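Here is the structure we will look at.
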Amino acid sequence: MSTLQSEIARRRTFAIISHPDAGKTTLTEKLLWFGGAIQMAGAVRARKASRHATSDWMELEKQRGISVTSSVMQFPYKDCIVNLLDTPGHEDFSEDTYRTLTAVDAAVMVIDSVNGVEAQTIKLLNVCRLRATPILTFINKLDREGRSPIELLDEIEDVLDMQCAPMTWPIGMGKRFRGVYHLLDDKVTLFDPHGDKDDQDAGQIIAGLDNPELDRILGEQAEELRIEIELVRGASHTFDKQAFLAGKQCPVYFGSAVNNFGVRSLLDALATLSPPPQPRPAASREVQPAEPKFSGFVFKIQANMDPKHRDRIAFLRVCSGRFDRGMKMFQVSTGKTIAVNNAITFMAQDRSIMEEAFAGDIIGIPNHGTIRLGDAFTEGEALKFTGIPSFAPEHFRRARLNNPLKTKQLQKGLQQLAEEGATQMFRPITSNELVLGAVGTLQFDVVAHRLEHEYGVDAIFESFSCATARWLRGSEKAIAELIDKAGHNVAIDGAGEHVYLAPSLVNLRLTQERFPDVTFLETREIL
Ligand code: G4P
């Protein structure tokens, strides 16, 4: 194997998806800790706490530098180089969260054992499904009185339509939680709430379900476990790597992130089961990771520390070949060639200048607004990567100016922020209004603040009655007919496409029935 091939083969690029409070921050921190990337527990948590202690955007602004570094965390684990991509949740939930999932090769889904499958997890999993991304499931908080494991797996299968293959099985829950049984290795790892705080998985291990040692330690729970495991083996799916890689089946691990229990098993699974960088579809052909020539696409743009300089970082996922510092890259959308000397890497401890990167890695390219979402970079080939979507926003606001003379600046500002992917912009065809759409409401604060500070525009965002948006596809005649009858709900988006702004979901359904020749899309490819 060449160096290029072996470097690529050891890359693991993934994100964690979960509903707020399921334990994503805790798990991230523990993964970094086990990966040797942070010395101290509490580092990620402190960051989250300070982010949430304030709703003041100025504070968030100050912390943007931090969030740039924490959006990708790279660390070595065993023979692998792991890239963990952050998917902001909570009120900073944005399209970036969704789009980041298009840049990974696998995802870990964290489920709270008390709450089961929750709304945001469903949304995020549906995004993973667009690319059949392999999913590993971590059922967290076993130290609490949660729902029965069988019920939880049933719920994942029913609600998420995903086969579950338990890899470990919990022994009791809450106060009776004693550890997990590894179904493939036939061994038990014991949980000790007062035990090794650093690595519970390296704690006491007992080989064999029939081992009398188990009865001595677990008492009556040993026999309960044996009966349950027999049941589980009979009733559940066994792990099928092909089904996992096709995104149809998820291996399931149980644990307690806050107690460092089950985290190492999960990390081992990421290293051994989850796939290396995968081929990427482009309009003309499929790009293979080990192709000698460099290529990549931009999945996220983040404004940098100093808003006055309109300094931005474009996050690029390397799709093939290798990146070397100073190399010349061809920007397909502009036809220009740029030399990149100051790309940044995302080692978990700090942010430093990148010397080299391989397919699967993420590099950050500083720029002044010249790089756009979805941009492809190559060594000369005019590749267009597909599958980088815009998602139907769920929150809408009408932008109104305090000073009407600033209309031009407002339009320019909104257009640029839309290109960055911060929000989407719509112009209803029957009025002069500017409507903003976002998947998370914090985005409106971000946009208002940035309009003021970067474009000198003082805008107010008023409520706008719209439940959801759908991109319209169909023959010219079919679209014209819809516009004729329901044009008051049609707008043009930043890319010049027709969009239906549905005042309610009922209205959307009725309109879809009324115009069967028009397709109403929930996502649109950025090209
Ligand atoms: P998130 O990023 O998905 O929103 O979740 P986060 O890690 O912040 O965890 C949410 C809460 O759940 C935190 O409690 C965290 O300590 C707790 N938690 C995480 N893993 C476990 C676990 O295995 N067992 C139990 N019992 N709790 C867990 P908090 O009270 O919100 O914060 P803190 O005061 O503990 O920092």
Problem set entry | Mean Cα-pair separation over length for the stretch 111-189, i.e. relative contact order, pairs under 8 Å, 6 or more apart, % | 27
Problem set entry | Whole-percent carbon and sulfur share, accessible surface of the stretch 410-527, 1.4 Å | 48
Exercise. Quick one: Kirkwood hydrodynamic radius for the chain, alpha-carbon pairs, angstrom, one decimal?
Worked result: 24.6
Problem set entry | Above-threshold pairs, the threshold being 20 Å between Cα atoms, out of K78/K300; K384/K477; K336/K384; K123/K412; K384/K408 | K78/K300; K384/K477; K123/K412; K384/K408
Seminar exercise, completed: A student applying the Cα gyration tensor rule (rounded when a/c is under 1.5; otherwise prolate if a/b is larger than b/c, oblate if not) would label the stretch 416-480 prolate
Seminar exercise, completed: Summing -39500 (n - 2.57) over every DSSP H run of at least 4 in the chain, dividing by its residue total and rounding to the nearest 500, the 222 nm mean residue ellipticity is -9000 deg cm²/dmol
Seminar exercise, completed: Taking r as the C-beta separation of S148 and D21 and R0 as 22 Å, the FRET efficiency to the nearest 0.05 is 0.60
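Using r as the Cβ-Cβ distance of K477 and N115, and R0 as 45 Å, what FRET efficiency do you calculate, to the nearest 0.05?
0.40
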For this session: Put one equal scatterer on each alpha carbon of the stretch 129-196, apply the Debye formula with no solvent term, and list log10 I(q)/I(0) at q = 0.12, 0.17, 0.26, 0.29 1/Å to two decimals.
Result: -0.38, -0.70, -1.24, -1.36
Exercise. In the neighborhood of P292, defined by Cβ-to-Cβ distances under 13 Å, what is the net charge if each Lys or Arg adds +1 and each Asp or Glu adds -1?
Worked result: -3
Exercise. Relative contact order for the chain using alpha-carbon pairs under 8 Å, separation at least 6, rounded to a whole percent?
Worked result: 14
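Using the Cβ atoms and a cut-off under 14 Å, what net charge is assigned to the surroundings of Q249, where Lys and Arg are +1 and Asp and Glu are -1?
Details: positive: R129, K241, K248; negative: E157, D161, D240.
Residues close to Q249 contribute a combined charge of 0.
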Seminar exercise, completed: Once the in-chain neighbours fewer than 8 apart are removed, the lysines whose Cα is under 16 Å from K141 read K24, K30, K175, K197
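The values are calculated or read from the model by the stated rules, or taken from the named source; none is laboratory data. Since the model is a prediction, treat every value here as computed from it, not as a measurement. Don't worry about glycine lacking a Cβ; one is built from the backbone with ideal geometry, like all the others, and counts go over all protein chains shown. The accessibility values were calculated without ligands, DNA or RNA, using every heavy atom of the protein model including side chains. Shrake-Rupley method; radii C 1.70, N 1.55, O 1.52, S 1.80 Å.
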